[in-house]
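Below is one structure; the comments refer to it alone.
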Amino acid sequence: MTLFAIYNERGEIDQAIKHFDPDGYDKLLDDRGLQYVVKAQSEGLPRPGLWYVDVTAKELRERPRLATSVNKTVIKAGGNDSALITGIPREARVQIVAAGQVLHAFEKLDADQLEIAIPVPCVYSVTIDVWPYQTWRTTIEAL
């Protein structure tokens, strides 16, 4: 079977499919004006969170990991203790969520680190996105 990965202008995979009739399927995609790459031998389908298409080379590639890290994931509540997230690429999108509610959302963070202090006992989920890197996630719990 032949793998087809349909992608957008950034290289994000919109759809991936394995097909028995590659000649017929690539004609269908061409007729619809879709951008795609073909891989003859493939194990499974590429997960969009882990793979992307290099639009210049027109190749399927694994999304790199961020070199982001956090110094601790458990802190004392009350504001006298904090966790420090470092290695954040500038202009990354950062979101901080607690109890299902978005507390802070930065569309383009203008810093390479983020210090988080939590005033009351709870758990913060932190997500960092910057294309084409894999999404980085951590939780910080205040006791």
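The values are calculated or read from the model by the stated rules, or taken from the named source; none is laboratory data. None of the values given here were measured: they were computed from a predicted structure. All Cβ positions, glycine included, derive from the backbone under ideal geometry; neighbour counts span all protein chains shown.
Among the candidates Val74, Val120, Val70, Val97, the residue that is among the β-branched types (Val, Ile, Thr), over 15 Å from the mean Cα position of the chain (by Cα) and at pLDDT below 95 is uniquely Val120. Within region 39-58, the presence of at least one residue that is in contact (Cβ under 8 Å) with a residue 60 or more places away in the chain, assigned to a loop (DSSP other than H, G, I, E, B) and of a type outside the set (Lys, Arg) is confirmed. How about region 15-37: which of its residues are part of a strand (DSSP E or B) and without any contact (Cβ under 8 Å) to a residue 24 or more places away in the chain? Selection gives Gln15, His19.
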